[in-house]
Amino acid sequence: MFIYLKEMTQGKVWSSTYAPINALPSTYEVTFTPDKATYRRVDHEIETLTEIIVTSGDHAEIRKLSLKNRSDVAVDVELTSYFEVVLGDARSDLAHPAFSNLFIETEYDEEKRSLIANRRPRSTTDNRLWVATTLVSDQALIEPLQYETDRSAFIGRNRDLASPMAMLKGKSLTNTIGPVLDPIFSLRAKVSIEPGKSIQLYYLTTLAQSKESLLTLIDKYHTTENCATAFWMALTRSQMENKYLNIKPDEMQLYQEMISNLLFQSPLRRKYAQEIRKNQKGQADLWPYGISGDKPIVLVTLNKVEEVSVLYEVMKAHDYWRLKDLMVDLVILVNEEKSYLDPLATLIGDIVLSRATHDILNRQKDVFILNSRNLGEGDMTMFHAIAKMIFTGDGRTMEEQILSVAAKPIVRLRKVEANLEAQTSPENRQTPLPELKHFNGLGGFSMDGSEYVIRLERDQTTPAPWSNVVANPNFGFLTSESGGGFTWCENSRENKITPFSNDAVSDRPGEILYVSDESSANWTITPQPIREDTAYTITHGFGYTQYEHHSHGIEARMTQFVPLEDKVKLSAIRLHNHFDSAKTITLTYYVQPVMGVDPSFTSSSLVTDRIDDGPLVFTNHTSMDFKGKIGFIGSSSIKSSVTGDRDEFFGTSGLKDPQCLQNQSLSNTVGAGMDPCAAMQVKVTLEAHQSEEVIFMLGMGDSIEEVGRYVEIYQDKAQVESALAQVKAFWNQKLRTIQVRTPDSATDLLLNGWLQYQTIACRLWGRSSFYQSGGAFGFRDQLQDVLAIATTWPQIARDQILKHAAHQFIEGDVLHWWHEPMGKGTRTRISDDLLWLPYVTAEYIRITGDRSILEVPVAFLSSDVLSEFEDERYCQPGVSPISSRLFDHCERALRHAMKFGERGLPLIGTGDWNDGMNTVGNKGKGESVWLGWFMSDTLTKFTEFCCQNEAQDKIDFYTNQSKKIIQAIEENAWDGEWYRRAYYDDGNSIGSSKNRECRIDSLSQSWAMITGLGDPNRAKTAMEAMENNLVVRNQGLIKLLTPPFDQGESDPGYIKGYLPGVRENGGQYTHAAAWAIMAKAKSIQGDAAWEWFDLINPINHTRNLREYSVYKAEPYVLSADVYSEYPHQGRGGWSWYTGSAGWMYRAGIESILGLQKNGDTLTIQPNAPRNWREYEIIYTYLDTTYEIKILNPEGLNRDRHSQRIDGVLGENMPIVLVNDKAVHRIEVISDYRR
């Protein structure tokens, strides 16, 4: 918790502690005692004393704030607290905070002056935790208490806690509560302090497992007298603990000072830099010793019986930390020659067992005695490299060993001498914006649609990150309009090169390019972290992003991209000097290396090095899955300085003013045992009115030789220019295979590039976005994605199908998702995954005519099957020696999936398409109506396209199964006006008019129409019900289901844990909305189908300030979900990483515009709105162009057409595709009324 203070007369702002404002006061003192932490400071003649305790016996913390007015006039002071709510596992929050936050609701209790939050449980076994913050004071408030629980409203976009928007002059808190998506607690009180007087306020934080218990706890401390008593009790408790452990005051102080070494990057580790550098082992290598590696490790090494005195000291500290719930693993390493008695090991065992708090029966083991002679090869080095602190029996005390660590070498660097000669800075010229389509005040599309251009003027920000995903199959990066984002290699979750922030509010960058001049001015080409008043222009294109900014007389442009094959991110910087004299510009490239999942797990193992005055490299030899990988930064400049020391780079400053920029160069410090970074600095001389280019590289290689090859290639600016041209040409070729020209330019922009780019760059290659860095392949996910590009890029679809087939078990089930290259994944009872293999294979064959894929041999996976009561298991299966042709894989999937319940409907298992319905049928009896439609359609397609050479009895079997499923649906799932969604294990229905929650679900209605296999009249009625219940035109939404799950008695699964109206729980899940559009088109309702397409087109949600302030997400790509309930109606959720992009593309191209490829023929079945008198489709088939014009001069509803091929009139027959390298002109004319 932070507390901001504002003196109201002059508007001066400071914080009760040094952080987060980080401004030095007149006086600052910090005191840690056994019972409390105390912070004392004086600012603007106001003395602030903050005392913090944890209460005895309760889950509560109290912060006492005492303010004394040292001036001779009364002052009014505004106090604003700030507290980020998590209420969950720290690792889960660290890995994916945007997801974790979706389950938290907030409320305000005015009587108790309390903000309250609770985490909605994701399952019946989860505890529903409650937390509150309460202001306790007898002091009269000048104004009513204000509060805030929305982090974005408090901090503001692209701001941080050092200067939050809530602390700007005249800003009030918004009193926002409820499902805020990014929860905080903030209470604001305004008090008056007379001259020489003091006041006290208490901030109480409480935690409980029920709301009733929470309120009881608040009542217990809801008076200043009770809070004061709690301080006395804390002191008494600490004295009793000290007496119990026989701890002296100086020992207590030492134990507390040691804690920072346990929790943060410890300077003590520099002593063992060589061990860290040599170590080749990681966390998994601790497991044979029974050590998890999840807790900090303290290592004690002893050689003789006479050395055990230090062990007593360390054990005492360990007991203290345990008493404070600071979990530490103590490893005692015995270096003793083998003997009959092993006296040292025996003595150590006796010492450990004799400790007063050592209760091995009631707690997890946290002391490990190991003999060095039993260690595996390299394990001695591993323990020294991984341990946070190491103590030896060399006769020195524990304190002496800590204090004896050599101080960090001081590298004397010359300071920059600012050139302050009078020189008029040229006016910062602003590049005029080109003409843009759909410009909304922040951004718009280039005229050819290949770029989205954002212009940020003074104080302008986008309402959320507007990002770009740039990738090739093995490497990529995400970058936002502000310059935030991250870079990865091979796996965007497991092998990040730089950190993933997942913070849509601050968007803190992990890669920064600083620009400095001789006057000591520092700025950035990107809007973050140094924001200036002059404009920034950001251009997101296919395969690149470009930033432009004019500052201090220098025009700067930075283009970032990834070559088509190499594992390197290139930043090409062009600087132009507008001065009449030469200028020397310093460029400093900084990255925070990760080399794994998160820097909090990897930073202690990172080693930095310099290769021959060239690139700076960084490695993490403890990586289990990416061992041997070498990250690097480099530049095109021959001369540069570097540092691998983050402490040197920032000093006591932050991202906006790194201390190293005050020096003339970096120190060239590299090595191990430090808080790591990777920074490189170069100097550029710009002659008057001249330009220069500099290249920076960030990449990863499998060897030093590969790193050297990348650097050698891309130091050549011509090679960089050529690589960028190749990237642009590649995407132009891939995305222009099908081009459309319709009366609606917003439709054209999505279909002519952005949806396919989203599918390929993000879904297939990056598998990551700002809101979710998944990294894994989903069995159903990427299979569906390739359906959208099977027409334009059949090879990538073919490869993906075979990749997924290789992740099927011998039994027929599949990995729900898996990480490459390791192959680790989750085996589940989810029921639809495996069916997508035969479904997509059949569709691929229909589109391409490539039946040879069925004969390709593919190996199975092998692993233990799930036990009877096991819903899922994370595992690393082996590759079975058994392989079979793809056809057999598809058959095995079908036969494994055909498990039916008492109604004859397929069993839903632990979820069908909707993973959130994971407890509908986890007991083995629940049935899925949607899965019935999907299974039946899959059987039909598989029989038609895959079984042509199979025995007739097999074809008959699949055909009959399909008919039986449809019959079961019609007999058991029709609710009167629509189809139900599913049945629980207990037989109760979901998606019925009798349900309070989820009365209707779109999936069953859409697929009834898409498949065309059921009762056509019922399907039509069901679509009408969908339109009446799920299409919300005034919000631009097509809901997945309604009403959302909330307080009902049924437990469908973790979908109910989501806030109502968020993601699958009653919001628009755009994947399903695309299916709804396809279904509407299938019903020969072109006007309505396009209306729905237009309704959810993100361009139409971001046309002006009002709209983009509501929708927030990018205008140029789809969001996975759009929220439907107050206060977030119409807000775009997680953008980019969504399978809806591929289905939306198919809905537009195939279902509405009517272009469908079937083998070597084209079929045109237009279903566009009647008021489109004409539109065009240009299809490039190999080297041949087909220019197709669809004409509807009379505005007819049509399902019959005539067509003219190269001037020859005929019936609407399939067009036979030939690669004759000519241009064929086709007209399709509506000339029959229905």
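The values are calculated or read from the model by the stated rules, or taken from the named source; none is laboratory data. Just so it is clear, the structure is predicted and the values come from calculations on it, not from any experiment. Note that we place each Cβ from the backbone using ideal geometry, even for glycine, and neighbour counts take in every protein chain shown.
Numbers for the structure displayed
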item: Residue match in segment 34-54 (condition: hydroxyl-bearing (Ser, Thr, Tyr) and either outside the structural domain of residue 229 (by TED's automatic domain parsing) or at pLDDT below 95 (or both)); result: no
item: Considering residues of segment 578-610 that are part of a strand (DSSP E or B) and hydroxyl-bearing (Ser, Thr, Tyr) only, the residue farthest from residue 510 (Cα to Cα); result: 584
item: Segment 251-298: number of residues that are closer than 21 Å to residue 36 by Cβ, touching a residue at least 40 places away in the same chain (Cβ under 8 Å) and hydroxyl-bearing (Ser, Thr, Tyr); result: 1
item: Residue within segment 835-857 that is touching a Phe, Trp or Tyr at 6+ places or on another chain (Cβ under 8 Å) and part of a strand (DSSP E or B) present; result: no
item: Helices (runs of 4 or more DSSP H) wholly inside segment 745-830 that include at least 3 residues being of a type in the set (A, V, I, L, M); result: 779-787, 794-805
item: Filtered residues of segment 558-594 (kept if among the basic types (Lys, Arg) and more than 26 Å from residue 765 (Cβ to Cβ)); result: 574, 583
item: Long-range neighbours under 7 Å by Cβ, at least six apart or interchain, first residue touching a residue at least 40 places away in the same chain (Cβ under 8 Å) within segment 694-709, second of a type in the set (Asp, Glu) and in a strand (DSSP E or B); result: 698/511
item: Selection count where residues are crowded, with 17+ Cβ neighbours inside 10 Å and either without any contact (Cβ under 8 Å) to a residue 40 or more places away in the chain or in contact with a Pro (Cβ under 7 Å, 6 or more places away or on another chain) (or both), scope segment 54-87; result: 3
item: Every residue from segment 120-144 that is farther than 21 Å from residue 84 by Cβ and hydroxyl-bearing (Ser, Thr, Tyr); result: 123, 124, 125, 137
item: Meets criteria (basic (Lys, Arg), in contact (Cβ under 8 Å) with a residue 12 or more places away in the chain and more than 24 Å from residue 777 (Cβ to Cβ)) for residue 1103; result: yes
item: Matching entry among 559, 545 (being more than 19 Å from residue 680 (Cβ to Cβ), in a strand (DSSP E or B), in contact (Cβ under 8 Å) with a residue 12 or more places away in the chain and among the hydroxyl-bearing types (Ser, Thr, Tyr)); result: 545
item: Odd one out for residue 653, checked against (1) among the small types (Gly, Ala, Ser); (2) surrounded by fewer than 24 Cβ atoms within 10 Å (Cβ to Cβ); (3) within 22 Å of residue 714 (Cα to Cα); result: (3)
item: Boolean, residue 92 is surrounded by 17 or more Cβ atoms within 10 Å (Cβ to Cβ), part of a helix (DSSP H, G or I), out of contact with any Lys or Arg (no Cβ under 6 Å at 6 or more places or on another chain) and among the small types (Gly, Ala, Ser); result: no
item: Selection from segment 1029-1047 of residues that are in a helix (DSSP H, G or I) and closer than 27 Å to residue 987 by Cα; result: 1029, 1030
item: Matching option when the condition is surrounded by 23 or more Cβ atoms within 10 Å (Cβ to Cβ), assigned by TED's automatic domain parsing to the domain that holds residue 558 and either in contact with a helix residue (DSSP H, G or I) (Cβ under 9 Å, 6 or more places away or on another chain) or modelled with pLDDT of 95 or more (or both), among 507, 503; result: 507
item: Identity of the residue in segment 25-53, hydrophobic (A, V, I, L, M, F, W, C) and in contact with a Lys or Arg (Cβ under 9 Å, 6 or more places away or on another chain), that ends up surrounded by the fewest Cβ atoms within 10 Å (Cβ to Cβ); result: 30
item: Residue 106 being in a strand (DSSP E or B), farther than 15 Å from residue 206 by Cα and in contact (Cβ under 8 Å) with a residue 40 or more places away in the chain; result: no
item: Tally, over segment 683-721, of residues that are among the small types (Gly, Ala, Ser), under 14 Å from residue 562 (Cβ atoms) and part of a helix (DSSP H, G or I); result: 0
item: Helices (runs of 4 or more DSSP H) completely within segment 908-1018 that count 2 or more residues being within 34 Å of the chain's Cα centre (by Cα) and aromatic (Phe, Trp, Tyr); result: 929-946
item: Residues being in a loop (DSSP other than H, G, I, E, B) and either of a type in the set (Ser, Thr, Tyr) or touching a residue at least 12 places away in the same chain (Cβ under 8 Å) (or both) - total across segment 1048-1076; result: 13
item: Test: residue 196 is surrounded by fewer than 21 Cβ atoms within 10 Å (Cβ to Cβ) and either under 30 Å from residue 1056 (Cβ atoms) or of a type in the set (Ser, Thr, Tyr) (or both); result: no
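For every residue, the table says whether it meets (1) closer than 17 Å to residue 1022 by Cβ; (2) loosely packed, with under 15 Cβ neighbours inside 10 Å.
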site: 948; (1), (2): no, yes
site: 952; (1), (2): no, yes
site: 972; (1), (2): yes, no
site: 976; (1), (2): yes, yes
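Residue by residue, here is whether (1) in contact with a helix residue (DSSP H, G or I) (Cβ under 7 Å, 6 or more places away or on another chain); (2) closer than 21 Å to residue 934 by Cβ; (3) charged (D, E, K, R); (4) crowded, with 23+ Cβ neighbours inside 10 Å holds:
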site	(1), (2), (3), (4)
803	no, no, yes, no
814	yes, yes, no, yes
835	yes, yes, no, yes
848	yes, no, no, no
853	yes, no, no, no
858	yes, no, no, no
887	yes, yes, no, no
890	yes, yes, no, yes
895	no, yes, yes, no
